[in-house]
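Chemist: One structure, pasted below without further comment.
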Amino acid sequence: MERFKELVEKANRSLNTADHLAYVTYPVINEPKLTITILNNIYQSLLHSIDALLYYDYLFKRVSFYPKDEKEKIELFRKITSKHYNIDREHIILIDEIKNLLSKHKESPIEFIRKDQLIICSTNYNIQTISINKIKDYLSKSKEFVDKINRIHNGVHKSFR
């Protein structure tokens, strides 16, 4: 149970970091490249949340194994755990969207800034834009998701006192 608590705390820490970067740091320095760091923190928060739920379900035998691989965790979460906790499809789409953006950024040979947006170009010049408004939208949706995990955590914490 200690690992579950630790993962929930990590999710909250990453989300708080992303929130601080988006609403305090970004307006001060106004650097669009910071959006990638914020996006990474949001994604880490979502992954820790998924990890916490999977671990909790593994402890109580709702899932037969606890995957080590990130891709397997997301897939198991999508197929089993999300249904058990009534996680909105919107949050599953959010996870995929952020993961795709980060992988496109990692693979892109070219990125540049235009009109306060980070533009990511693929090798065949498909363009993806990341703005602070888009990041704030991701952050808002992520807060809803992590809040649900916190409610589950608080319910678990109370039942083990």
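Chemist: Can you tell me which of (1) surrounded by 13 or more Cβ atoms within 10 Å (Cβ to Cβ); (2) in contact (Cβ under 8 Å) with a residue 40 or more places away in the chain is the one residue 113 doesn't meet?
Modeler: Only one criterion in (1) surrounded by 13 or more Cβ atoms within 10 Å (Cβ to Cβ); (2) in contact (Cβ under 8 Å) with a residue 40 or more places away in the chain is unmet by residue 113, namely (1).
Chemist: From 98, 152, 120, grab the single residue that is modelled with pLDDT of 90 or more, under 18 Å from the mean Cα position of the chain (by Cα) and crowded, with 16+ Cβ neighbours inside 10 Å.
Modeler: On inspection, the qualifying residue turns out to be 98.
Chemist: Sort through 76, 21 and tell me the only one that's within 27 Å of residue 130 (Cβ to Cβ), out of contact with any His (no Cβ under 8 Å at 6 or more places or on another chain) and of a type outside the set (Lys, Arg).
Modeler: Selected residue: 21, the only one of 76, 21 that is within 27 Å of residue 130 (Cβ to Cβ), out of contact with any His (no Cβ under 8 Å at 6 or more places or on another chain) and of a type outside the set (Lys, Arg).
Chemist: Also: Could you grab me the full set of residues in the range 70-110 that are in contact (Cβ under 8 Å) with a residue 60 or more places away in the chain and farther than 20 Å from residue 57 by Cβ?
Modeler: 101, 102, 105
Chemist: I'd like to verify a number: residues in the range 123-146 that are of a type in the set (Phe, Trp, Tyr) and at pLDDT below 90, how many?
Modeler: 1
Per-residue answers, yes or no, for (1) modelled with pLDDT of 95 or more; (2) loosely packed, with under 15 Cβ neighbours inside 10 Å; (3) closer than 24 Å to residue 4 by Cα; (4) not aliphatic (A, V, I, L, M):
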{"position": "51", "(1), (2), (3), (4)": "yes, no, yes, yes"}
{"position": "59", "(1), (2), (3), (4)": "no, yes, yes, no"}
{"position": "94", "(1), (2), (3), (4)": "yes, no, yes, no"}
{"position": "148", "(1), (2), (3), (4)": "no, no, yes, yes"}
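Chemist: Taking the criterion of being of a type in the set (Ser, Thr, Tyr) and in a helix (DSSP H, G or I), would at least one residue in the range 121-139 satisfy it?
Modeler: Looking for residues that are of a type in the set (Ser, Thr, Tyr) and in a helix (DSSP H, G or I), one finds at least one in the range 121-139, hence yes.
Chemist: Across the range 38-69, what is the number of residues that are aromatic (Phe, Trp, Tyr), touching a residue at least 60 places away in the same chain (Cβ under 8 Å) and closer than 30 Å to residue 117 by Cβ?
Modeler: Counting residues in the range 38-69 that are aromatic (Phe, Trp, Tyr), touching a residue at least 60 places away in the same chain (Cβ under 8 Å) and closer than 30 Å to residue 117 by Cβ gives 0.
The values are calculated or read from the model by the stated rules, or taken from the named source; none is laboratory data. Since this is a predicted model, take the numbers as computed values, not measurements. Every residue, glycine among them, receives a Cβ derived from its backbone with ideal geometry; neighbour counts consider all protein chains shown.
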